[in-house]
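What follows draws every value from the coordinates through simple rules; no lab data is involved. Owing to the predicted nature of the structure, the values given are computational and were not obtained by experimental measurement. Because the Cβ atoms are built from the backbone with ideal geometry, glycine has one as well, and the counts that use them run over all protein chains shown.
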Amino acid sequence: MAVGPVHETLEALELVDHHCHGAVTAELDRAGFESLLTEGEAWPGFSAFDTPAGLAVRRHCAPLLDLPRHAPADTYLNRRAELGPDEVNRRFLTASGTGVFCVDTGYAPHAVTEPAQLARAAGGDAYEVVRLESVAEAVAARGVEPDGYARAFRGAAEAAARRPDVVAVKSVAAYRTGFGLDPARPTHAEVTAAARDWLARGGRLDHPVLVRQLLWTAVDLGLPLQLHAGFGDSDLRLHRADPSLLTDWLRLTAGTVPVLLLHCWPFQRQAGYLAAVFERVYLDVGLTLHHVGPSRAGAVLAEALEITPFRKLLFSSDAYGVAEFHHLGALAFRQGLAGLLQERVDADELALPDALRIARWTGRDNALRVYRLPDGEADGEAHGERAGWC
């Protein structure tokens with residue numbers, strides 16, 4: 001892509017990745033690596049390298065392993081194994097140009113870097129995002145009576161939220177029940193009856209009443225609430241992950257905590273509508289960008305920004321497992337947003353100073369403001385708003 005002022009600004013910008021996960025610390029064989037390249041399952045005769053994400057890895061990640069662009073998959077994996085996981089993670093995390101990571105620690109089917117390890121490898125800082133379903137399931141695993149569940153969960157959630165460096169909580173309600181829930185806060189009697197049912201059968205937290213209670217507890221905690229929306233693996237029912245299904249709940253919780261809609265594809269337009277009409281709703285298109293690749297990232301971002309206020313879009317990678325995705329997410333975001341903004345500048349739809357300001361807001365300052373993160377370089381307007389949620 002042509003280099004211009006917007007591209008140069010985004011290229012030099014130290015990003016805030018407001019939602020991601022750790023990188024695997026063990027060596028990966030081909031099957032293990034490919035399983036992390038896709039949200040789908042392994043199919044006989046199918047290679048995850050034969051996807052947009054797989055092609056993007058060979059094109060944009062191979063040079064960071066001292067390989068030519070488009071290196072064959074076997075060559076790529078052999079070089080990756082030769083360098084070892086620590087060096088591979090260091091190279092990709094450093095190349096992402098990310099200064100701050102907000103790390104969801106509630107999903108780790110593999111041994112992955114802790115937030116502090118991730119930050120050290122990148123030469124940046126890291127904060128924790130607490131996944132509330134994991135808190136609830138830990139409460140159940142320790143043993144609790146149904147009539148004591150509500151108090152036990154709230155106490156555990158409050159304790160988790162008070163841990164040093166925790167800046168947000170998260171729910172995966174989109175996976176467990178979908179968003180088509182009764183928006184009202186459940187009564188204690190309803191929670192007790194639901195807990196009796198769930199605790200008797202065990203398993204993941206998937207009772208609609210207890211998911212509702214979890215969301216309302218998140219509001220009571222007072223921290224920003226991240227909500228997975230849209231794109232995910234086959235465990236998800238995509239039509240139930242449309243964030244517009246949250247409209248009534250967002251009305252009831254208006255004026256409380258920031259709600260950050262994660263990923264959103266293919267519902268980025270619905271998420272943009274919610275951000276446009278609700279003061280404290282924000283969104284990103286993380287995860288999507290490294291799966292569509294840098295060449296299509298601008299199209300997704302263009303739809304996300306059709307009506308979204310510019311102070312409402314944040315950057316995230318949602319990278320998990322392979323550090324290639326931390327790098328690819330950042331690269332796709334920089335290139336996609338730079339192309340989109342520069343196109344509008346060239347069409348005289350946007351002044352260059354405004355484009356540069358939007359680039360800084362989206363890549364960095366919006367997250368600093370929403371999560372109240374310390375930084376001395378954010379622009380004065382963002383800094384001045386940190387006294388309250390915006």
Starting from the 7 Å offset along Cα-to-Cβ, what nm value, one decimal, do you get for the label separation of Asn78 and Asp348? 5.7 nm
If R0 is 35 Å, what FRET efficiency do you get for Glu158 and Arg269 from their C-beta distance, rounded to 0.05? 0.45
What's the exposure ranking of Trp265, Trp43, going from fewest to most Cβ atoms within 10 Å? Trp43, Trp265
With labels modelled as points extended 7 Å from the Cα through the Cβ direction, what inter-label distance (nm, one decimal) is found for Ala111 paired with Ser234? 2.8 nm
Counting DSSP beta bridges in the chain, what percent are antiparallel, to the nearest 5? 5 percent
For 94-100, 167-173, ranked highest to lowest by mean beta-carbon neighbours within 10 Å, the order is 167-173, 94-100
Sort 229-238, 316-325 for me by packing, meaning the mean count of neighbouring Cβ atoms within 10 Å per residue, highest on top. 316-325, 229-238
Taking the Cβ of each residue in Ile307, Ile358 as the centre, tally the other Cβ atoms inside 10 Å and list the residues starting with the fewest. Ile307, Ile358
Given the peptides 85-93, 363-371, 185-193, arrange them by the average over their residues of other C-beta atoms within 10 Å, most packed first. 363-371, 85-93, 185-193
Suppose the chain between Ala31 and Arg69 were pulled fully straight at 0.36 nm per residue; how much longer would it get relative to their current alpha carbon spacing? 11.5 nm
Whole-Å distance, taken between Cα centres, linking segment 340-362 and segment 267-299: 18 Å
Listing Leu65, Leu205, Leu210 by rising number of other beta-carbon atoms within 10 angstrom, fewest first, gives Leu65, Leu205, Leu210
Given the options His110, Pro72, Thr98, identify the residue whose Cα lies farthest towards the positive end of the charge dipole of segment 54-153 (+1 on Cβ of Lys, Arg; -1 on Cβ of Asp, Glu). Pro72
Under Karplus coefficients 6.51, -1.76 and 1.60, residue-wise ³J(HN,Hα) of segment 304-314 in Hz, glycine/proline x: 5, 9, 4, 10, 6, x, 5, 7, 10, 9, 10
